[in-house]
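S.K.: My questions all concern the structure below.
The values are calculated or read from the model by the stated rules, or taken from the named source; none is laboratory data. Fair warning: this is a prediction, and the values are worked out from it, not measured in the lab. Here the Cβ positions follow ideal geometry from the backbone for every residue, glycine too, while neighbour counts run over all protein chains shown.
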Amino acid sequence: KLKDNNNNFIWQPSYQAGEPDRLLGYTLHTSAFAPKQEAGAKAIAFGDFSYYNIGDRGVRSLQELKELFAGNGMVGYLMKERVDGLLVQPEAVKCLQIKAST
């Protein structure tokens, strides 16, 4: 129901299959890992995520798990990689923090 100064709705639903919904003209993405809507939780992040960098912090390792799957005639693999992320320009993304209900 919210509108901008040009009388356009802030949230625009997608009219084509495969196209995401939009908020202020920017595409929306949802996550099953977002926190529950409770007091103090940061529920929405909005901004330019091109300033978020992901970097390798170690070497990749690959381990073959023959014994665990040998009874079924299969071989399993376990791969590990250590990564880290950082928002290079903090003002590029803002988070909405849920307030306590009164």
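S.K.: Which of (1) modelled with pLDDT of 85 or more; (2) under 18 Å from the mean Cα position of the chain (by Cα) does Gln63 not meet, given it meets every other one?
M.R.: It fails just one condition, (2).
S.K.: Kindly indicate whether Leu87 is more than 30 Å from Thr27 (Cβ to Cβ) and not assigned by TED's automatic domain parsing to the domain that holds Arg22.
M.R.: No; evaluated as a whole, the condition is false for this residue.
S.K.: Kindly list, by first and then second residue, each pair from a residue in region 83-99 that is at negative phi to a residue that is of a type in the set (Asp, Glu), limited to pairs with Cβ atoms under 8 Å and residues at least 6 apart or on different chains.
M.R.: From residues that are at negative phi, the pairs are Val83/Asp56; Ala92/Asp48; Val93/Asp48; Ile98/Glu38.
S.K.: Quick check on my filter: what residues within region 19-34 are of a type in the set (A, V, I, L, M, F, W, C) and over 24 Å from Gly85 (Cα atoms)?
M.R.: Leu23, Leu24
S.K.: If I filter region 35-60 down to residues being farther than 19 Å from Asp84 by Cα and surrounded by fewer than 11 Cβ atoms within 10 Å (Cβ to Cβ), which single residue comes out as nearest to the chain's Cα centre (by Cα)?
M.R.: By that ranking, first place goes to Lys36.
S.K.: Same structure, new question: Go through region 1-45 and count every residue that is aliphatic (A, V, I, L, M), at negative phi and part of a loop (DSSP other than H, G, I, E, B).
M.R.: Summing the residues that are aliphatic (A, V, I, L, M), at negative phi and part of a loop (DSSP other than H, G, I, E, B) in region 1-45 gives 8.
S.K.: How many residues are among the acidic types (Asp, Glu) and more than 16 Å from Leu96 (Cα to Cα) if we restrict to region 8-45?
M.R.: Summing the residues that are among the acidic types (Asp, Glu) and more than 16 Å from Leu96 (Cα to Cα) in region 8-45 gives 2.
S.K.: Cβ-Cβ under 6 Å, sequence separation 6+ or interchain: first residue in region 13-37 and outside the structural domain of Phe49 (by TED's automatic domain parsing), partner hydroxyl-bearing (Ser, Thr, Tyr) and modelled with pLDDT of 80 or more. Which pairs?
M.R.: Note: pairs meeting the criteria are Pro20/Thr27.
S.K.: For region 46-93, which residues satisfy the criterion of being assigned to a helix (DSSP H, G or I) and among the aliphatic types (A, V, I, L, M)?
M.R.: Leu68, Ala70, Ala92
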